[in-house]
Amino acid sequence: MAKKKILILILLLINIFGNCYSENKPYSKLENDISKNLRCLICQGQSIYDSNSEFALSMRVYIRDQIDSGYSESQIYNMLVKKYGQWIVYDPGYSKKTFLLWFIPLLFFLLGGAIIYLRIYKSRKL
Amino acid sequence: MIISNIGFSSLFLGLISSLVVFSCSVANVKKNSLSLSKIIYQFLTTQFFFVIIGFFILLYSFIISDFSNETVYNNSHSTKPIFYKITGLWGNHEGSLLLWLLVLTSFVLFFFIDSKNEPKKFRLYTIIFHQIIVIGFFIFILKTSNPFDTLYPIPQEGLGLNPILQDPALAIHPPILYVGYVGTSIIFASALGAMVTGYVNKFWAKNLKKWILISWTFLTGGILLGSIWAYYELGWGGFWFWDPVENISLMPWLSLTALLHCVSTLEKRDLLKNWSIILSIVTFMLSVTGTFLVRSGILNSVHTFANDPTRGIYILIFLFVLIFISFVIFFIFESKNLENKKEIFFLSKETSVLINNWFMMYFLSVVLIGTVYPIFLDVITSEKISVGPPFYNKLLIPFLIPFFLFMSVGPSMSWIKTNFRFKIAFIYYFLTTFTATILTIYYLSEKDLLLIILIFSLVFLFIKTVTNFFEKNTNYAQNLSHLGFAMLMLSILFNSISSTEIIKNIKVGESFNSKNERITFKKIITEEEKNYSSIIGFFEIKNDENKTIKLNPEIRIYNQPVIATSEAAIKTTFFKDRFITINLIKDEQLFNVRYQNKPFMIWIWISTMVIIFGGTIAIFSKKKNYI
């Protein structure tokens, strides 16, 4: 019966944090979209949307509350970034710190184009 | 206990053999004999033989659950089904490295046998460079990740394999992926060998293409299996997450794809020599960097299962040595490969290959920067940022439009120069594409301009590729892979635009609506299996026409190690997947139910298989111009 005991133990463990869940309303599209763009901070590389951890569940409640209080999507992101840092949002955004992140690939693209153009253009002259 | 010692000694003897091969090859370079020394062949075989012995001993220990072996103890359990006992071998760091080594040594042997008609010096140098890699991995295994470490006293029971790895797709995923990864080592060694001996020419290109195709096909297959696994097992209905570990498998794929196109230009026109070499080196570097990033644990990923920093450092040093060697060789011997600067015409296949490479390198840089930038930023400013789907979507999607358009016309170009003549067919293509796009947009009711243009270019690519089959001089293998790619992009696009989902907390007996379907939660039952207990939910989905579909998602609670996983129930039909998962929440009768409608899901897998099928035909094709 050890298995049964373990089963019950796990059910209890999982259920501790579920209190906030009595509301019986499906998640709206906006809620799902927001939760897809947020990292579950206690998981390995999962978004709030993907995860079933307590953190993700409480985050879901937080998102719903904020939407109900009339905050917009970007306002919610800003509040979370203030609280948890940039790590929580999957969109790195545009800032001084991420300038190179966006710029390097584009530079690669321009450089590649220039090389190919020169190669074809030059070879004409030979 | 004894058997583990045999395994270890066998690997040690393998290292000795590879040292012998290395030194004999070096000695052989000086000799003027026409053929290679027999000793090299003999010791390449023994080296392979010893790794095989090691591999089978570990396999045996896994099968009989010999917990005196630390690797088995850490990753297996006596109640596990036999299939997962076997696949547990590569479900961990030590075992997977042994598999690396097995593929590595078998490939070099295969190369030796296969390259009989190639110049002696080229073969020798390739073997020398390849042996450096083999020796590196032997030392890595023996020093930092010995799969034959023993435990005393012998534990009664093992710790078990992570349950989410206990899945058929993931069980065969590593071997397939590794063949792809490790195949790039031959490409790398062969590129260095060809450089040193001045053999970078069309003959080299022709032989190399086979290796590229093998690696490429297996890598594609490995990525496919990984995605299928993620879709079934991780339980939220996605298949690609721009997760660092996924990116790492995508990077060598991108550069291999570039190389595959580039090397055909070298074969046909004797052009792009240095670029082919650079791509060969880069591809292998990306594979090793991938191993480093995954194994070191610097990445935060859903796929990171075990890691140890000291191993990361070893791979890092090894990587630097390899980069250093390749740089030195590249700069010393670069002038040997001087190509006569032939003219490249604007309307030619050469140009389309260059454009392909241009985009591939851009995509590669996006994925690479997106993956490593957060690591560097963290080290330099200790600030953590996440780079996720929004970044990749913004930088990739706009560039896919010109890429699709170039890809549609590229294969129709001729080598050297294409005489462009206006044909009635162009109007036909345009009109068909236009009509098809309008129908699609109407069907999807899509209003985003960027997406509309994307759909247009993609539909054009699809139609053009299909019609290519009816033109003469079509290379079927290549066209098949291109068709698969177009289908893949179409299915991904439609899938992401028109997937719907509903997430709800309900009790047993309740039901809810999703569009025109009614989902009823009938009952739950609990079952006891050998290595897990499960809670199975019974769901009924009724649509307008009163057809009923039954789906039974599961929550599994594994006993060793104790982990709860959620098993999705998926009903696959030709046009869409119905996907349902359940999770437990507080109120004991309340379940979190996630129901998704995912159109064209099966087509994502089918189209990738079409790509792989194209590659396979190319590998076995007798005709030489299969690209």
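The numbers here are math on the coordinates, done by the rules we state, and not lab data. No experiment lies behind these values; they were computed from the predicted model shown. Every residue, glycine as well, gets a Cβ built from its backbone with ideal geometry; the counts of neighbours run over all protein chains shown.
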### Query
For chain B, what's the relative contact order in percent, using C-alpha pairs closer than 8 Å and at least 6 residues apart?
12
## Note on the structure
Among B:LEU449, B:LEU483, B:LEU224, the residue whose Cα sits farthest towards the positive end of the charge dipole of chain B, when +1 is placed on the Cβ of each Lys and Arg and -1 on the Cβ of each Asp and Glu, is B:LEU483
### Message
Whole-Hz ³J(HN,Hα) for each residue in region A:82-99, computed from phi via Karplus 6.51 cos²θ - 1.76 cosθ + 1.60 with θ = phi - 60°, x for glycine and proline: what do you get?
### Response
4, 7, 10, x, 5, 4, 6, 9, 6, 8, x, x, 9, 7, 4, 6, 9, 3
### Shape call, region B:547-588: gyration tensor on alpha carbons, a/c limit 1.5
prolate
### Message
In region B:1-40, whose amide N lies under 17 Å from the spot 7 Å out along Cα-to-Cβ of B:PHE56? List them in ranges.
### Response
B:3-14
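If you put +1 on each Lys and Arg Cβ and -1 on each Asp and Glu Cβ, how big is the dipole of chain B around its Cα centre, in Debye rounded to 20?
So the dipole magnitude of chain B works out to roughly 2380 debye.
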### Query
Put a dot 7 Å past each Cα toward the Cβ at A:SER58 and B:VAL562; how far apart are the dots in nm?
2.2
### Query
Listed here are the pairs B:LYS38/B:LYS121; A:LYS29/B:LYS447; A:LYS29/A:LYS96; which of them are more than 20 Å apart at the Cα?
A:LYS29/A:LYS96
### Query
If contacts are Cα pairs under 8 angstrom and at least 6 residues apart, what is the relative contact order of region B:500-602 in percent?
25
### Query
Could you give the dipole magnitude of the protein assembly as shown about its Cα centre, charging the beta-carbon of Lys and Arg +1 and that of Asp and Glu -1, in debye to the nearest 20?
2700
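Using a cut-off of 13 Å between beta-carbons, work out the net charge of the residues near B:ILE453 (Lys and Arg +1, Asp and Glu -1, B:ILE453 not included).
Net of charged neighbours comes to -1.
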### Query
How do the peptides B:439-446, B:391-398, B:287-294 rank, highest first, by the average count of neighbouring beta carbon atoms within 10 Å per residue?
B:287-294, B:391-398, B:439-446
#### Entry: Dipole-positive endmost among A:ILE116, B:ILE2, B:ILE132 within the protein assembly as shown (Cβ charges, Cα centre)
A:ILE116
### Summary
CD proxy, 222 nm, the protein assembly as shown: helix-only mean residue ellipticity via -39,500 (n - 2.57) per DSSP H run with n ≥ 4, per residue, nearest 500, stands at -21500 deg cm²/dmol
#### Entry: Normalised contact order of region B:30-124, rounded percent, pairs of Cα under 8 Å and 6 or more residues apart
33
### Message
What FRET efficiency comes out for B:ILE380 versus B:ILE441 if R0 is 35 angstrom and r is the Cβ-Cβ distance? Round to the nearest 0.05.
### Response
0.15
### Peptide-level mean, for B:371-377, of C-beta atoms on other protein chains within 10 Å
3
### Message
Within 10 Å of each Cβ in A:96-105, how many Cβ atoms from other chains are there, averaged over the peptide?
### Response
6
### Query
Highest mean first, what order results for A:96-102, B:214-220 on Cβ atoms within 10 Å?
B:214-220, A:96-102
### Task
Show the residues, 5+ positions off or on another chain, whose built amide H is closer than 5 Å to the amide H of B:LYS522.
B:GLY509, B:PHE538, B:PHE539, B:GLU540
### Positive dipole terminus of the protein assembly as shown, leading residue within B:ALA191, B:SER348, B:THR257 (C-beta point charges)
B:SER348
### Query
What is the distance, in nm, between label points placed 7 Å from the Cα along the Cα-to-Cβ direction at B:ILE172 and at B:ASN5?
3.9
### Message
Give me the one-decimal nm value for the distance between modelled label points at B:LYS31 and A:TYR71, 7 Å along each residue's Cα-to-Cβ direction.
### Response
7.6
### Query
What lysines could a cross-link reach from B:LYS571, if we take a straight Cα to Cα line under 16 Å and drop same-chain neighbours fewer than 8 places away?
B:LYS542, B:LYS547, B:LYS550, B:LYS598
#### Entry: Local electrostatic count at B:THR197 - Lys and Arg +1, Asp and Glu -1, tallied over other residues with Cβ under 11 Å
+3
## Note on the structure
So, over other residues within a Cβ distance under 13 Å of A:GLN86, counting Lys, Arg +1 and Asp, Glu -1, the net charge is +3
